[in-house]
Amino acid sequence: MTQPQTQSQTQSPAQNNRPAAKSRDKRTDLVGLSRNELGELLKDMGEPAFRTKQLWHWIYHRGETDFAKMTTIAKSMRETLSEQCVIRRPEISLEQTSRDKARKWLFAFPDGNEAETVFIPEDDRGAVCISCQVGCSLTCTFCHTGTMGLVRNLSAGEIVGQFMAARDSYGEWPSPSGTRLLSNIVMMGMGEPLINFDNVSKALKIIMDGEGIAISKRRITLSTSGLVPMMDRCGSELGVNLAVSLHAVTDQLRDVLVPINKKYPLKELLAACRRYPSANNARRITFEYVMLRGINDSPADARELLRMVKGIPVKFNLIPFNPWPGAPYQCSHADDIKRFSEILNDGGFSAPIRVPRGRDILAACGQLKSASTRDLDRLRAESQQRKAARETQHASTS
Ligand code: SAH
Ligand code: SF4
């Protein structure tokens, strides 16, 4: 869920005046390698198998990025690692924290492409919303990202890197064994995770590994527009919570709102939900439903929704439409959203209305991407100034 790029953002990295940061660094980035791949790499360096576990622990449990500080590893190996490898984070192009404490980053990757990540805190925990693609090839008509097409898939390292950089920002290392602030992950940023499934799957397996970041599958939710065959694979391979962007109760309307519906219509989508392996009463599938004025928000739609989901363990999430310049829809009236929610509640389902967070920093996912070039340049400059001020303060106190 994100908004289209402004003119400057659709330029290629070489044109957009942003440095392709570390693209000349030919060292291997260790972030995003599976455990097996890391083991193979160390084997090629002549290191014994147990080193893999040690290095994994430093990278993903301790969050260390400097090989020199990995004191349990022999000095000679640390030197070889520094020469040949790197533990990379995406560069922060922009960071903002809203009055209600939502934090948003625009991360830049070595080729100059950028993606958004948002942290939404609750009382003593919170969810990080991660992107899996720059742009998206599925042209959902209410989604700003859908208007920009696919620029490219993010690699497993770039997906894990967003979460690690968010943890850096809160200093949440080593990975806490008890309560965590960054406790949950939602794959609801830019892009369709089931289209970039190999990289998303690799990234989530790294994140779920019990000897590293160790976030359980119960705390991870993947949102899809409904790529039916990949839903089965997602269930068997990852077993994470599933959210389905439903948005309509008839194929006729869903074909327009979510065009992938023409390939995988509602009947097939609902059947895939019924057989999703980890779905049960305790772990329900979330049906996301964007509220579009006069389009899908009538009481009759709500009643049809209740009829459709019979026998599927679901809960609903009603999302007030987040408008963007030139969007062909408007958000439903608050009263209509409330009535819709009440009908679902009366039918025995949870149907909270998503509260927009971080309005003052454009934190609704995708909004940074729709800020004007001038606004974005100003926001970037302010963010750099804050960073410089923090560094000066840090230097003077240490
Ligand atoms: N591609 C995946 C995940 C990213 S979109 C998917 O479609 O599920 C995350 C959620 O944001 C989806 O439910 C999507 O339908 C919703 N969304 C996209 N644009 C939106 C907008 N302008 N206002 C409200 N919700 C939107
Ligand atoms: Fe947007 Fe649709 Fe792509 Fe999701 S699948 S990011 S809603 S265009």
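Here, each number is a calculation from the coordinates, and none is a lab measurement. Here the structure is a predicted model, which is why all the values come from computation and not from measurement. As a convention, Cβ positions derive from the backbone with ideal geometry for all residues, glycine included, and neighbour counts pool all protein chains shown.
Odds and ends about this structure:
- Between the Cα long axis of helix 197-208 and the first principal axis of the chain there is an angle of about 70°, rounded to the nearest 10.
- Tensor-based shape of segment 100-148 (alpha-carbon gyration tensor, a/c under 1.5 rounded, otherwise prolate or oblate): oblate
- Residues whose amide H lies under 5 Å from that of C85, counting only those 5 or more places away or on a different chain, are T28; hydrogens are built 1.01 Å from N in the peptide plane.
- Computing FRET efficiency as 1/(1 + (r/R0)^6) for Y170 and D251, where r is the C-beta to C-beta distance and R0 is 35 Å, gives about 0.20.
- When the listed pairs K262/K310; K101/K338; K26/K263; K263/K310 are checked against a 30 Å cut-off, the alpha-carbon distance exceeds it for K26/K263.
- Chain lengthening between K53 and S177 when straightened (0.36 nm per residue, less Cα-Cα): 42.8 nm
- T141-R303 pseudo-label distance in nm [points 7 Å out on the Cα-to-Cβ vector]: 2.6
- Positive-end ranking of I159, A302, T71 along the dipole of the chain, with charges on Cβ about the Cα centre, is headed by T71.
- Unit charges on C-beta of K, R, D, E only; dipole of the chain, Debye: 360
- Sorting E158, E304 by the number of Cβ atoms found within 10 Å of their own Cβ, with the fewest placed first, yields E304, E158.
- Stretched out straight at 0.36 nm per residue, the stretch from S34 to R274 would grow longer than its current Cα-Cα span by 83.3 nm.
- Extended-chain gain in nm, criterion 0.36 nm per residue less alpha-carbon gap, R218 and K26: 65.4 nm
- Here r is the Cβ-Cβ distance between T392 and A68 and R0 is 30 Å; the resulting FRET efficiency, rounded to 0.05, is 0.75.
- In segment 89-373, Cα pairs under 8 Å separated by at least six residues give a relative contact order of 17 percent.
- Peptides 57-63, 161-167 ordered by average Cβ neighbours within 10 Å, highest first: 161-167, 57-63
- Point-charge dipole on Cβ atoms (K/R +1, D/E -1) for segment 24-86, about Cα centre, debye to 20: 140
- Peptides 332-343, 193-204, 255-266, ordered by how many other C-beta atoms sit within 10 Å of their residues on average, highest first, read 193-204, 255-266, 332-343.
- Theoretical FRET efficiency, 1/(1+(r/R0)^6), r = Cβ-Cβ of E211 and D100, R0 30 Å, to 0.05: 0.30
- Amide H within-cut-off set for V151, under 5 Å, with H built and near neighbours excluded: V134, G135, C136
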